[in-house]
């Protein structure tokens with residue numbers, strides 16, 4: 001039976017002992033056979049997770065007489081593409097149905113939770129949640145209006161009036177992961193017992209090390225370790241407060257594909273003595289798959305901040321400055337660089353500034369994001385000029401895997417995930433987004449630490465949405 005499944009190109013999944021016959025479907029998928037589902041009303045499992053129209057055929061029972069003709073008419077290229085999506089992709093149907101690995105149950109329960117949430121949309125508590133979210137969108141619109149024109153009459157500015165408007169302001173784009181560092185540091189100090197050392201950080205798109213330097217300075221202790229290294233055994237506790245030096249305070253993974261930028265990054269690390277803490281430089285491009293990719297650099301820039309990973313060579317604007325680079329997923333970075341040094345570590349912060357690859361990298365890391373205790377906070381850059389999808393789609397995806405997201409501005413974190421989403425948040429053409437696990441109490445704490453005038457409504461929103 002198994003050998004026949006392995007050798008068969010198409011396998012029928014028909015209504016049998018059960019209405020859906022999911023057992024047969026699982027058998028077929030786990031053996032790499034393209035399902036041919038014959039039913040008028042079949043709903044496949046994990047509909048929000050798997051692209052069923054790309055990995056299976058759906059036929060009505062009345063089409064059975066023409067079944068052979070239909071299957072023979074499918075081009076070989078399409079069949080191979082369907083098979084590849086079925087078995088080869090890192091979150092393929094075959095891997096998703098591997099129930100012993102645990103991810104199947106996470107995906108199944110996540111999908112069930114989303115369907116239940118939709119059914120509860122008429123819950124009385126939802127009315128209170130809607131009042132929080134609509135009020136937040138209006139405050140955001142009035143704030144943006146003051147940035148654009150301090151003399152403007154606030155009554156003329158509303159979320160509706162800004163919907164569809166494109167805005168560019170340093171108040172959005174320049175507020176990034178580094179802007180959050182004082183609040184993040186205070187969070188760690190206030191709850192020191194809750195965090196295990198070393199604190200793990202991943203700087204995706206590290207460039208020459210600007211953010212990495214800030215991370216190391218904020219969370220590392222290089223200065224003290226340099227003093228100890230110089231003084232050796234002659235150091236006295238009365239001169240420098242004694243500390244435990246058995247391990248690192250920080251494990252920082254800096255990922256950068258550009259050869260010139262990476263050399264500057266290594267120089268920065270060497271000059272800053274990051275080796276006294278835990279630092280790993282990885283020359284690679286973050287992507288949705290492991291392997292190799294085409295990276296276009298700007299030869300006119302000594303420090304290239306606009307290098308981009310291409311889909312294929314046809315996208316290149318300058319063929320002479322396209323390099324072949326290694327591509328890695330976040331899962332691979334965690335497995336090969338983090339886990340081997342700190343087994344089962346929680347990544348405290350992931351920063352992504354990777355010129356339009358952010359949505360794909362996050363999508364590819366869905367298993368990692370759904371694993372409890374694996375990733376605490378994520379900050380990623382949004383640029384309408386380089387993204388191939390809308391910011392709303394990515395915020396929706398992050399919500400689906402359990403993360404609440406915020407638009408970062410200098411004075412305020414604006415909640416934009418889940419029920420908070422409003423089209424007005426698509427106005428900035430360049431911005432940075434913070435995401436954290438909704439059920440993590442440190443998310444509310446960080447929100448309160450960062451905001452100049454935080455409101456209790458967000459904490460109440462979290463309680464309402466978790467209890468809903």
Give me a count of the residues in the range 168-192 that are at pLDDT below 90, part of a helix (DSSP H, G or I) and surrounded by 14 or more Cβ atoms within 10 Å (Cβ to Cβ).
3
Hey, could you check the range 259-287 for residues that are in a helix (DSSP H, G or I) and touching a strand residue (DSSP E or B) at 6+ places or on another chain (Cβ under 8 Å) and say which is modelled with the lowest pLDDT?
259
Got a sec? Which of 341, 388 is in the same structural domain as residue 278 (by TED's automatic domain parsing), outside any helix (DSSP H, G or I), touching a residue at least 24 places away in the same chain (Cβ under 8 Å) and more than 18 Å from residue 440 (Cβ to Cβ)?
341
For the range 33-57, give me the residue count where each residue is more than 15 Å from residue 78 (Cα to Cα) and either under 32 Å from the mean Cα position of the chain (by Cα) or free of Cβ contacts under 8 Å to residues at least 24 places away in the same chain (or both).
11
Select, from 380, 397, 367, the only residue that is at pLDDT 85 or above, within 23 Å of residue 331 (Cβ to Cβ) and in contact with a strand residue (DSSP E or B) (Cβ under 7 Å, 6 or more places away or on another chain).
380
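This table checks each residue for (1) modelled with pLDDT of 85 or more; (2) touching a strand residue (DSSP E or B) at 6+ places or on another chain (Cβ under 7 Å); (3) assigned to a loop (DSSP other than H, G, I, E, B); (4) in the same structural domain as residue 398 (by TED's automatic domain parsing).
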site: 11; (1), (2), (3), (4): yes, yes, no, no
site: 17; (1), (2), (3), (4): no, no, yes, no
site: 24; (1), (2), (3), (4): no, yes, no, no
site: 27; (1), (2), (3), (4): no, no, no, no
site: 41; (1), (2), (3), (4): no, no, yes, no
site: 54; (1), (2), (3), (4): yes, no, no, no
site: 64; (1), (2), (3), (4): yes, yes, no, no
site: 77; (1), (2), (3), (4): yes, no, no, no
site: 83; (1), (2), (3), (4): yes, yes, no, no
Quick check, is residue 331 under 29 Å from residue 344 (Cβ atoms), modelled with pLDDT of 90 or more and not assigned by TED's automatic domain parsing to the domain that holds residue 386?
yes
Can you find a residue in the range 422-430 that is touching a helix residue (DSSP H, G or I) at 6+ places or on another chain (Cβ under 7 Å), part of a strand (DSSP E or B) and closer than 25 Å to residue 212 by Cα?
yes
Would it be correct to say that residue 392 is surrounded by fewer than 22 Cβ atoms within 10 Å (Cβ to Cβ) and at positive phi?
no
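The values are calculated or read from the model by the stated rules, or taken from the named source; none is laboratory data. Everything quoted here is computed from the prediction, not taken from an experiment. Because the Cβ atoms are built from the backbone with ideal geometry, glycine has one as well, and the counts that use them run over all protein chains shown.
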